[in-house]
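Okay, structure first, notes after.
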Amino acid sequence: MARGDLRILLDCGAGSLHRLAEFGLPWHQVTHVILTHFHPDHWGELPMLVY
């Protein structure tokens with residue numbers, strides 16, 4: 001989701017970073033991440049996004 005300067009990623013499961021690239025949004029432009037729940041299929045790529 002994007003609005004103004006905000007770039008919000010809803011969940012961060014497998015393939016999320018690849019899909020960001022497909023949509024033309026570099027991972028480093030993500031400003032917020034919302035996790036709907038704490039299962040690996042919803043947060044699995046979060047460490048790669050943070051580090």
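None of the figures in this text is laboratory data; all of them are computed from the coordinates on show. All values derive from a computational prediction rather than experimental measurement. Methodologically, a virtual Cβ is constructed for each residue, glycine included, from the backbone with ideal geometry; neighbour enumeration extends over all protein chains shown.
If only residues of the chain that are charged (D, E, K, R) and not in a loop (DSSP other than H, G, I, E, B) are counted, the one that is surrounded by the most Cβ atoms within 10 Å (Cβ to Cβ) is ARG7.
Here is a yes/no grid of residues against (1) free of Cβ contacts under 8 Å to residues at least 60 places away in the same chain; (2) touching a strand residue (DSSP E or B) at 6+ places or on another chain (Cβ under 7 Å); (3) on the phi > 0 side of the Ramachandran plot:
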residue	(1), (2), (3)
LEU9	yes, yes, no
GLY15	yes, no, yes
HIS18	yes, no, no
LEU25	yes, yes, no
HIS28	yes, no, no
THR31	yes, yes, no
LEU35	yes, no, no
PRO40	yes, no, no
